[in-house]
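To start, the structure itself, in structure tokens.
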Amino acid sequence: MKQLLTLILIFATTYLMANDENELIKKGKAVYKANCAICHTVNGGQALGPDFNMVAYTRTKKEIASYAKDPYANFKKFGYSANAMPTLPLEDVEFKQVAAYISSLQPFKKWMIKKK
Ligand code: HEC
């Protein structure tokens, strides 16, 4: 009986955690559309900033959230010689959501498959 309860608890926690992540990604997509899409494409494209499927391939979720929140503090570390991306007035939770969305994007070429 005790084992069964432990099992149920593990399943429930896993389910809730997966749901939380999906919720973050869903909200992050809306944040992307409203705040990033004018400068960043998804699924491969050309805009002022880099395509987010490429970013998903090369950066961690933490790096993405950090850059989104403060591009000026990060541009040198990320290998840029200048910073054209503005600092956006969003809430911390929105940066977290948009980073979850970007990180969830699938590579659009086979060789881009994430090894994380
Ligand atoms: C006005 C245009 C513009 C907007 C709006 C914008 N970006 Fe950017 N972004 C850029 C440019 C240009 C760069 C290239 C580096 C730089 O200039 O800072 C960049 C770089 C980045 C990078 C680093 C990519 C890498 O791996 O090198 C991330 C992450 C990023 N942007 C996330 C976001 C997110 C998330 C949003 C929306 C919340 C957003 N950006 C909105 C223009 C923009």
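What trypsin sites (Lys or Arg not before Pro) does region 69-110 have in DSSP loop regions with at most 14 other beta carbons within 10 Å?
Lys76, Lys77, Lys109
Using the Cβ atoms and a cut-off under 12 Å, what net charge is assigned to the surroundings of Asp20, where Lys and Arg are +1 and Asp and Glu are -1?
Within the 12 Å Cβ shell, the charges total +1.
Determine the principal axes of the Cα atoms in the chain, then give the extent along each, sorted from largest to smallest and rounded to whole angstroms.
Each principal axis gives a Cα extent; for the chain these are 62, 35, 25 Å.
Do any of Lys33/Lys77; Lys2/Lys27; Lys27/Lys62 go past 29 Å between their Cα atoms, and which?
Those over the limit are Lys2/Lys27.
Treating the angle as unsigned and between 0 and 90°, give the value, to the nearest 10°, between the Cα long axis of helix 92-104 and the longest Cα principal axis of the chain.
The angle comes out near 90 degrees.
Within straight cross-link reach of Lys76, meaning Cα distance under 14 Å, which aspartates and glutamates are found once same-chain residues fewer than 8 apart are removed?
Partners within reach: Glu63.
Can you tell me which aspartates and glutamates have their Cα less than 16 Å from the Cα of Lys69? Leave out same-chain residues fewer than eight positions away.
List returned: Glu91, Asp92, Glu94.
So what's the back-of-envelope 222 nm ellipticity for the chain, counting only DSSP H runs of four-plus at -39500 (n - 2.57) apiece and dividing by all residues, rounded to 500?
Result for the chain: -18500 deg cm²/dmol, rounded to the nearest 500.
Taking the mean number of other Cβ atoms within 10 Å as a proxy for protection, how do you rank 29-39, 84-94 from highest to lowest?
29-39, 84-94
Coordinate-derived values only; no laboratory data. Quantities reported herein were computed from a predicted structural model and do not represent experimental measurements. Backbone-built Cβ (ideal geometry, glycine too); neighbour counts: all protein chains shown.
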